[in-house]
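Working notes, structure below.
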Amino acid sequence: MSVLVKAPVSAIEAAFHVNMRTYQHPTENRVFYAPDQEPTARLPFNLWHISGLDNYSIPHPLFVKKSEYAKLNGLDPGSIAHATTGSGPSASFLGSDMRAAYYSGTKLTGAGQNLGLFEYEGTDLADLTTYYTNVGQTLKVPITLLSTDGTSTSCVDSKAGGRCDDTEQTLDMTQSLGMAPDLASLTMYVGSLDTAIIGAMTTHSPLPTTIGCSWGWTPADPTTLDPYFQRMAAQGQNFFAASGDSSTWSTRVEAWPADDANVVSVGGTDLSTASAGGPWKSETAWTDSGGGISPDKITIPAWQQLSGVINSSNKGSTTYRNGPDVSANANFTFYVCADQTTCTANDYGGTSFAAPMWAGYIALVNQALVAEGKPLLGFLNPVIYAQNVTSDYKADFHDIVSGKSGSYSAVTGYDLVTGWGSPNAGLVKALIQ
């Protein structure tokens with residue numbers, strides 16, 4: 001489906017009939033490069049898209065540091081809620097705590113399933129080792145770092161002579177592995193081009209049937225990756241995208257890829273558990289959970305047009321795609337090890353924690369399906385929207401009905417802050433029927 005091409009600027013200009021220029025960015029204090037017109041190619045067939053010719057939008061990870069959040073909002077960091085019942089240092093939450101809260105069983109562990117992580121930078125696996133050592137757990141899953149376009153898979157922090165931050169990459173692993181501790185494999189797909197990364201995810205063997213993406217960016221054309229997302233759905237793959245950490249979606253607050261109609265958009269909540277490693281106790285909307293109405297004006301999909309989904313209470317759109325679809329804990333409550341330095345507790349949050357959690361959760365579902373000789377789940381959204389407008393909803397999801405983020409509030413049923421909510425114990429059973 002894709003061909004990677006590398007050549008001098010002069011050759012690219014000649015091949016695609018453009019002139020490469022630099023421009024002052026309209027909203028950021030930097031210069032970006034881009035062609036002076038839409039690229040074309042003299043070929044006997046049509047190309048879907050030519051990507052990689054500009055750096056107008058720089059992808060960024062969707063985690064938030066509490067000190068930076070407090071400064072931005074004029075708050076005392078000490079006044080921001082933190083975990084008090086986690087199994088980690090300073091009662092912070094571990095990935096295994098999320099498994100206990102949202103799955104609560106022991107039978108399903110993700111055995112036999114392959115999970116993928118979409119990453120723009122590599123990692124230092126020493127950070128993952130430090131995490132497991134510090135919390136007294138054993139890492140049992142083989143980790144593969146795969147470069148999709150020649151991008152380095154290593155990540156050395158500035159204190160060690162590099163310029164890379166692997167906070168996002170490491171937390172993505174700890175959250176997905178915490179939910180599904182016996183995966184057959186976890187592959188981190190690393191690249192500098194979105195088409196290269198996602199192209200590899202649709203063809204690599206073993207195929208990752210559940211995928212987490214905790215990055216946001218704004219492509220020139222929001223339909224660019226749709227052929228890949230549609231192929232994923234046909235192949236039984238699910239792509240979970242963090243909905244963002246800047247509250248309500250807008251043209252200035254990046255929503256993509258979470259507002260694409262072919263992915264599962266994952267919002268944020270503030271979770272409390274009954275005890276360390278204990279069951280779910282209560283949950284409210286996270287104050288910065290990304291969501292709203294697609295600023296890319298993506299048409300509302302059929303599964304959001306079902307009666308009972310969009311109503312006057314949730315203030316959703318009947319014309320454009322609404323998000324998020326589901327949610328999970330995103331508050332400043334986690335234990336994080338990164339950048340070859342001291343680990344932190346209750347210092348990081350964001351929907352980037354929630355997306356890999358959901359990727360791990362669906363690995364449990366697929367394990368159960370395989371055990372029963374049934375096909376893999378496939379695209380989650382058409383399934384859960386149809387189920388959740390029935391009486392089964394409360395058994396499948398924790399319906400988040402309190403809290404707000406930006407322009408929207410959590411309400412009974414579907415809403416534009418937490419979607420349908422976080423997974424309840426009955427969801428696995430519902431999805432394998």
Margin query: I need every pair where a residue in the stretch 405-418 that is within 9 Å of N314 (Cα to Cα) and surrounded by fewer than 24 Cβ atoms within 10 Å (Cβ to Cβ) has its Cβ under 6 Å from the Cβ of a residue that is modelled with pLDDT of 95 or more and of a type outside the set (A, V, I, L, M, F, W, C), sequence separation at least 6 or different chains.
Written below: V411/S313; V411/N314
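Conditions (1) within 20 Å of the chain's Cα centre (by Cα); (2) surrounded by fewer than 23 Cβ atoms within 10 Å (Cβ to Cβ), marked per residue:
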site	(1), (2)
S272	no, yes
P279	no, yes
S282	no, yes
S289	yes, no
P295	yes, yes
I300	no, yes
Next item on the list: Working only within the stretch 280-306, note down all residues that are touching a strand residue (DSSP E or B) at 6+ places or on another chain (Cβ under 8 Å) and among the aromatic types (F, W, Y).
Entry: W280, W286
Checklist line | Residue that is crowded, with 21+ Cβ neighbours inside 10 Å, out of contact with any Phe, Trp or Tyr (no Cβ under 7 Å at 6 or more places or on another chain) and at pLDDT below 95, where the choices are D396, D392 | finding: D396
Note to self: Against the condition without any contact (Cβ under 8 Å) to a residue 40 or more places away in the chain and surrounded by fewer than 20 Cβ atoms within 10 Å (Cβ to Cβ), how does T319 come out, does it pass?
What the structure shows: yes
Check: Within the stretch 64-102, which residues are under 22 Å from A328 (Cα atoms) and either of a type in the set (V, I, T) or in a loop (DSSP other than H, G, I, E, B) (or both)?
Finding: V64, I80, A81, H82, A83, T84, T85, G86, S87, G88, S92, L94
Checklist line | Which numbered condition S289 fails, given (1) assigned to a strand (DSSP E or B); (2) farther than 22 Å from P89 by Cβ | finding: (1)
Notebook entry, point to check: Out of (1) more than 30 Å from L225 (Cα to Cα); (2) of a type outside the set (S, T, N, Q); (3) modelled with pLDDT of 95 or more, what's the single condition that is false for I143?
Noted result: (1)
Check: Tally time: how many residues in the stretch 31-81 are hydroxyl-bearing (S, T, Y), out of contact with any strand residue (DSSP E or B) (no Cβ under 9 Å at 6 or more places or on another chain) and more than 20 Å from L225 (Cα to Cα)?
Finding: 2
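The values are calculated or read from the model by the stated rules, or taken from the named source; none is laboratory data. Small disclaimer: the values here were computed from a predicted structure and weren't measured. Backbone-built Cβ (ideal geometry, glycine too); neighbour counts: all protein chains shown.
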